[in-house]
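Everything below concerns the one structure shown next.
Just so it is clear, none of the values below were taken in a lab; they were calculated from the coordinates. In this text the structure is predicted, and so the values were computed from the model without any measurement. Neighbour counts are summed over all protein chains in view; Cβ atoms, including those assigned to glycine, are modelled from backbone coordinates with ideal geometry.
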Amino acid sequence: MSEEVRIGVYVCHCGKNIAAVVDPASVAEFASSLDNVVIARENTYCCAETGQAEIKEDIKEYNLNRVVVASCSPKLHEPTFRRTVSEAGLNPYLMEMVNIREHCSWVHMNEPDAATKKSMDLVKMGVAKARLLQPLSDREVPTVKSALVIGGGIAGLQSALDIADAGHQVYLVEKSPTLGGKVAQLSGVSSDSCPPECILTPRMTETILHTKIQVFTNSEVESVDGYIGNFRVRIKRGPRYVNEDCILCGECRDVCPVDVENDFDAGMGTRKAIYLPFEQATPSTYALDSDNCTMCGLCVETCPVNAINLEENEEEIEIEVGSIIVATGFETFDPGNDPKYGYSQYDNVITSLQLERLLDPNGQTKGKPLRPSDGKMPQRIAFIQCVGSREEEGNQYCSKICCMSTIKQAQLLKSLFPEMDIIVYFRDMRIPRKEFEEAYRAVREVGVLFLRGDVRDVSETDNGNLLISTYSEVFNDITHHNVEMIVLAVGLEPCKDTDTIKDIVKVPVSPDGFFMEAHPKLRPIDTVIDGVYLAGTCLSPKDIAESVSQASGAAAKVCGLFSKDKLTLDGIISKVDQERCIGCGLCIKQCPFHAIIEEEREEEKKAKVIEAACKGCGVCAGACPTGAVDAFSFTTEQIYSQLDAALEEEPGEKIIAFCCNWCSYAGADFAGVSRLQYPSNVRIIRTMCSGRLNKDIILHAFEKGAGMVLVSGCHPPGDCHYVSGNYRCEERVNALLKKLPKKGIDPKRLRLEWVSAAEGIVFQRITEEMAEQLKELKG
Amino acid sequence: MMNKTGVFLCTCPATTTTIEMEKIAQGLDLPDTKVYSHMYLCSQRGLKYMEKCIKEDTLNRIVLVACSENIHRNVFDGSRLLKEIGIEYIPVEGVLDEEALLKRVQEVVKGEKAQITRVKEKIKEVLVIGGGVGGVQAALDIAEGGYKVYLLEKTLSIGGAMAQLDKTFPTMDCSICILGPKLVDVSKHPNIELITHAEIKNITGDVGDFNVEVEIKPRYVDMEKCNGCSACVEVCPVILPNEWDLNLKPRKCIYIMFAQSVPLRYTIDKDKCIECELCKKVCELDAINLNEEPKSRTLHVGAIVVTTGTKTFDASKKEEYGYGRLKNVVTNIEFERIVCASGPTGGELIRTDGKHMKNVAFIQCVGSRDVHFHDYCSVYCCLASIKEARLVLEHDKDAEVWIFYNDVRACGKGFEELYVRSKKEGMNFIKGLPGEVREDPETGDPIVIYEGPKAGKYSELQVDMVVLAVALEPSEEIARLSEMLHLETDIHGFFKGLHPNSRPLETTNKGIFLAGTCQGPKDIPETVSQASGAAAKVCTLFSG
């Protein structure tokens, strides 16, 4: 490129977010002194229409061919400013963002001078990289217009129906034998006089009959490969053993000799190993519980329509989809481990879910809340709120629905049994629905007693009756109440499979264990993985109305994606310089996506990148021993230039932090969003994956005098967005650590750490420790 | 061929709480008619049962008595056999006694088979009413789905209430920083036509074919010509209080609502204009037209998404807190502007008398959960106050804040965690709402009178400012639109979804959908999710 590099630098105030700490005027002035910088300006909001217009005008007026925007995280506004420069006719990849908000003003709030100095450094690094930016072009790939929905509860059903009704194929995978999820277990009348089955049943029936929906029950997603528009999904479809011919006569159940704890009734009573999960179970056939079946074959002999086949095997099915919706729902908290509530000791302490089952008019007790110990109707019932929610240890979050659920249950009990005494022990009554505030008042009017206080102990007295001891803040005293039955309003927890599914779909979870959305306010449905969306309680506790709204929302995202035949992927890919390639095949072996192949050229083996399959992680570039492979937008030369700029002054005082785009860079962003303060001598360099790095890059930092180097990526095993890039990084760093002493470098100066997108606090701790270590090393 | 009619009665608990189906069955002793009952006809099992009966008894006409047709019609149409025969649906919804229902069923059975209505060609364009964050999200998602959207906003700019906020909870993200780009996205989307400063005059038609009459008010500045350069503002001699910043900051007579306004076009406040025409002289683009008239326009759309949002409670009605009477009692929305970097004080916590605030009290449930005003909870306010209190502490480490509350309702992702952290960091939470706010006549400081810390004893707390967390209430727009759109409202005056739990986005009027706070108070993520959900409803409507 012989063209003269002409850079414009824009320093954003972000209102006071940046300007209250960093002095944008001096940063801009500093920027204008750098080579190739033609114009440097400050702006209150670069992202506003005027801010963008200014950049566009300057590009024309000053004939700029590179733009550096020093503002917030590129994860927020990189697309915005790429579009801005492209509207002015510049290639979008000729824009570089410098993060002086999340990585500077928000984390050095009490050191304005240091923050301003750091901003100058960061701008210098950005300008250095910008000089070397290359124009790239986006790739177009065809979209597979079918979707995978994981989970057949109310949210999954709603998403599936909306997508299918919009005309697209849907595969719905449910691990249990029937659709319906948790709503199926609810009973009685909710605040709106409509029983939950009336919400659920039509949706299940519509789903199973829909020509555009294929339902896999007893099935699990085994693996997901690929990317937005083109995911390859392997499904393990378990055997049902009972086919569609089943006429629901129940003769198999009558002969089955195996009794199993009834999971649908939340562990109360038993069912057989062959059973109908519930009246409206869909698909409408008996199910066989293979974990407990003895394969005695009695049911097979009895079945009048020969619908049972015990020989059936599981199948592996591979499908291609363009988009995935995760709707895996929740589990209720198990209070068995907390002796305070006596759930495992005393029969008459039950959970709110068990009460739902007792109140079901079709259930075992025909809608009467009979005591498990003796089958008597209790006259005095207590509810204890926040069991497994709002704890100091354990689940810190509020489960949102339990207050409303208790009010509903109390209302129902009072309407059926007006003489019953009901006490509710609560901390705050949390009712974020206008319909329920009315119900809250109504139950108080009919005599339900609400007591604010902390339950300290539950013990049994006589005849299965219970004594509750509560501390009341208002009276500063312990009070005691005798009751005949206790209902624990148990909280919600992420579904048990969350950990497995998170690794399969590569979506991170928040500190509370639920899946993490792309942005808590404005992207509550999206995830960091393009094409993967969230619906319902797998994201956070919510009620039915919120779950179905969100599920429809997820469907809208899928419909939007499928409205076009082709999808544009970014131009960040790897490239092989075949002149320098020695055909060693390391990159081919290490590429997580099989996106590099070997080809013969003049009788020599050479590596070649398949562009449509390349994800741009740069693991190949990290692997290449000759520097023949390079990763666009994160080239070795660009990274060196950032290092050189960062270490130009006082290199020994500085900590270079290499952060991967998805987890650790986002984790550092999260530290900023949470205003977690850390030492201002940290200089972050972003790469797409930690697997992009290698010994040469790290050694370059030390050669330039860096005091400390941090290499950070996504947690193994499953967090890496490029499958195994973090392992490649780990291998290389470990190998280098052994060699460092020979090179006269103290290995304590290099650290490898895993930081997830939610671990701002971890990033803060690590950088603090490293700053301490640096001080120590310098003696 | 002889008609053989099957009457199917659904005996699900949802219908049998009001109607005894047995009585209907007994009253249907008609020729060539057989009556069947099943507990859950809408389940797959129920459909199997219906199909079996049709085959075994060779039925060629089906009359179905079940709950809401709106909710269940699709289920029965899912069965090929039932769809072929065609179901005559008699909804039980709203029928209170057996006699009326029986009469209706007898009429239908005796009558001719109903004609199936023909489907009209749908217009695949959409009107979104209201340009707050909900309307913006709905418009973007529908536009991404490939359909043309008209986004109608009555004020000068889209952005809504969220544009006025400083930060958002629980992450303390800057509100306009995250909203701004979305507003820009709207203005750039090829499928979205933005119509601002406009009002709906009338709506006729029904699903697939609505006619909407719109009046576009004059801005006196040509939208096509103006490029937002602001040369006119500099010369305009008329200085007025800026409503956007609670009248604490000046603006000119020719102005934009706020810095990130979309569209970024100027408007003349004609009532205050002295017609000096200085702006006209200075405008190089010849964009000023002081004689502009209102324009009317008719939109033809197939679906409408209503996202008109809500309004805040007039705190002066709660007289004991002295809002409007005491200088240093403000609403939380006003406080958002005071604390905002782009607000009247540049983000400094200064009162109108110039005093720096150190001690701030927040009072919750002002107009909410109060039988004299609104008995419902306004959902957003607990976290909003915690957020604002944190901002006070961020501004000044030595500041002290108090939150007077009924219940702290921190139910949402990350909310409880923020509440607990704030409590640990020394934020004072006092259970119980104050009885009164007085003023120290010398300093102008508000004095909060409340019960505590001992029950039955009163205390006084002198602070620099009192912030009232005001309720959200239905806007006048809802009453006006509900009439035009034939939509139901609930007892509070908010729009009502088709079913509060199961179908919150649809309405009784097919083709009209709801999202956001026009249905009742909710926070930003729920509004955004709902807006995307409403977009999905539009996409499914148009693809069918």
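Here's how it looks for A:Val490: its modeled amide H is under 5 Å from those of A:Ser352, A:Leu353, which are all 5 or more places away or on a different chain.
Just to be sure I understand: of the beta bridges DSSP finds with both ends in the protein assembly as shown, what percent are antiparallel, rounded to 5?
Values: 91 of 206 bridges.
Of those bridges, close to 45 percent are antiparallel.
Given R0 = 41 Å, the distance between the Cβ atoms of B:Glu293 and B:Glu488 translates into a calculated FRET efficiency of 0.65.
Assuming a ≥ b ≥ c are the square roots of the Cα gyration tensor eigenvalues, decide whether region A:630-779 counts as rounded (a/c under 1.5), prolate (otherwise, with a/b larger than b/c) or oblate.
rounded
Quick one: check the C-alpha center-to-center distance for region B:452-475 versus region A:579-606, whole angstrom. Distance between centres, Cα-based: 71 Å. Considering only A:Leu310, A:Pro339, A:Ile325, and ranking their Cα positions along the charge dipole of region A:292-347 that arises from unit charges at the beta-carbon of Lys, Arg, Asp and Glu, the one farthest toward the positive end is A:Pro339.
How much space per residue, in cubic angstrom, does the convex hull of the C-alpha atoms of region A:503-575 take up? Display every interim value, and only then the final one.
Values: hull volume 9.2 nm³, N = 73.
Taking the convex hull of the Cα positions in region A:503-575, it is 126 Å³ per residue.
Going by the alpha-carbon gyration tensor, a ≥ b ≥ c the square roots of its eigenvalues, is region B:347-493 rounded (a/c under 1.5) or, if a/c is not under 1.5, prolate (a/b greater than b/c) versus oblate? Prolate. Please work out whether region A:81-153 counts as rounded, prolate or oblate from its C-alpha gyration tensor, where a ≥ b ≥ c are the square roots of the eigenvalues and a/c under 1.5 means rounded, while otherwise a/b larger than b/c means prolate and anything else oblate? Because a/c hits 1.5 or more and a/b fails to exceed b/c, region A:81-153 counts as oblate.
Under 5 Å between amide hydrogens, built in the peptide plane, is the criterion, and for A:Val349 it picks out A:Ile486 among residues at least 5 positions away or on other chains. Checking the Cα-Cα distances for B:Lys318/B:Lys431; B:Lys23/B:Lys83; A:Lys564/B:Lys148; B:Lys124/B:Lys311; A:Lys557/A:Lys615 against a 25 Å cut-off, the pairs over it are B:Lys23/B:Lys83; B:Lys124/B:Lys311.
Taken about its Cα centre, region B:430-544 carries a charge dipole of roughly 800 debye when the Cβ of each Lys and Arg holds +1 and the Cβ of each Asp and Glu holds -1.
Think of chain B as having a plus end and a minus end, set by charges on the Cβ of Lys, Arg, Asp and Glu; of B:His189, B:Val408, B:Gly86, B:Gly86 sits farthest toward the positive end of this dipole. Of the trypsin sites (Lys or Arg not before Pro) found in region A:455-533, those that fall in a DSSP loop while having at most 14 other beta-carbon atoms within 10 Å are A:Lys496. Working note: Karplus 6.51/-1.76/1.60 with θ = phi - 60° gives region B:270-280 the couplings 4, 4, 9, 5, 9, 6, 6, 6, 4, 4, 4 Hz, where Gly and Pro are set to x. A DSSP coil position with no more than 11 other Cβ atoms inside 10 Å describes the following GluC sites (Glu not before Pro) in region A:546-606: A:Glu579, A:Glu602, A:Glu603.
Computed from the C-beta positions of A:Asn463 and B:Thr508 and an R0 of 56 Å, the FRET efficiency is 0.60 to the nearest 0.05.
Averaged over its residues, how many other protein chain Cβ atoms are within 10 Å of peptide A:409-418's Cβ atoms?
Across the residues of A:409-418, the mean count of other-chain Cβ atoms within 10 Å is 0.
Taking every DSSP bridge with both residues inside region A:594-742, close to 35 percent are antiparallel. Dividing the summed helix terms, -39500 (n - 2.57) for each DSSP H run of n ≥ 4, by the number of residues in the protein assembly as shown produces a 222 nm estimate of -8500 deg cm²/dmol to the nearest 500.
Multiply the residue gap between B:Glu436 and B:Glu320 by 0.36 nm, knock off their C-alpha separation, and tell me the result in nm, one decimal place. Show your work: numbers first, answer last.
Details: separation 116, 0.36 × 116 = 41.76 nm, distance 0.49 nm.
So the extension gain works out to 41.3 nm.
Here the 3J(HN,Hα) profile of region B:70-76, calculated from phi with Karplus coefficients 6.51, -1.76 and 1.60 at θ = phi - 60°, is 3, 7, 10, 3, 4, 4, 6 Hz, Gly and Pro shown as x. About its Cα centre, the dipole of chain B is roughly 1260 debye, where the only charges are +1 on Lys and Arg Cβ and -1 on Asp and Glu Cβ.
Diffusion coefficient of the protein assembly as shown by Stokes-Einstein, Kirkwood radius over Cα pairs, 4 °C, 1.567 mPa s: 39 µm²/s.
Determine the relative contact order of chain A: mean sequence separation of Cα pairs under 8 Å and six or more apart, normalised by residue count, in whole percent.
Result for chain A is 11 percent.
When the Cα centres of region B:32-63 and region B:383-428 are compared, how far apart do they sit, in Å? Rounded to whole Å, the Cα centres lie 59 Å apart. Close amide H partners of A:Ala70, meaning residues 5 or more places away or on another chain with modelled amide H under 5 Å apart, are A:Tyr10, A:Val11, A:Cys12, A:Val98. Of the beta bridges DSSP finds with both residues in chain B, what % are antiparallel, to the nearest 5? About 45 percent, rounded to the nearest 5.
In a fully extended conformation the segment linking A:Arg234 and A:Asp254 would gain 3.5 nm over its present Cα-Cα distance, using 0.36 nm per residue.
Note on A:Asp263 and B:Glu215: with the Förster distance fixed at 45 Å, the Cβ-Cβ geometry gives a FRET efficiency of about 0.15.
Among the listed pairs A:Lys182/A:Lys376; A:Lys56/B:Lys358; A:Lys408/B:Lys358; A:Lys521/B:Lys280, those whose Cα-Cα separation exceeds 32 Å are A:Lys56/B:Lys358; A:Lys408/B:Lys358; A:Lys521/B:Lys280. Ranking A:Cys538, A:Tyr45, A:Pro592 by how far each Cα lies toward the positive end of the dipole of chain A (charges on Cβ) leaves A:Tyr45 at the top. Enter the Cα centre distance for the pair region A:293-351 and region A:532-573, rounded to the nearest angstrom. Result: 27 Å between the Cα centres.
Quick check for me: using +1 on Lys/Arg Cβ and -1 on Asp/Glu Cβ, what's the dipole size of region A:692-779 about its Cα centre, in debye to the nearest 20?
With Lys and Arg at +1 and Asp and Glu at -1, about 500 debye.
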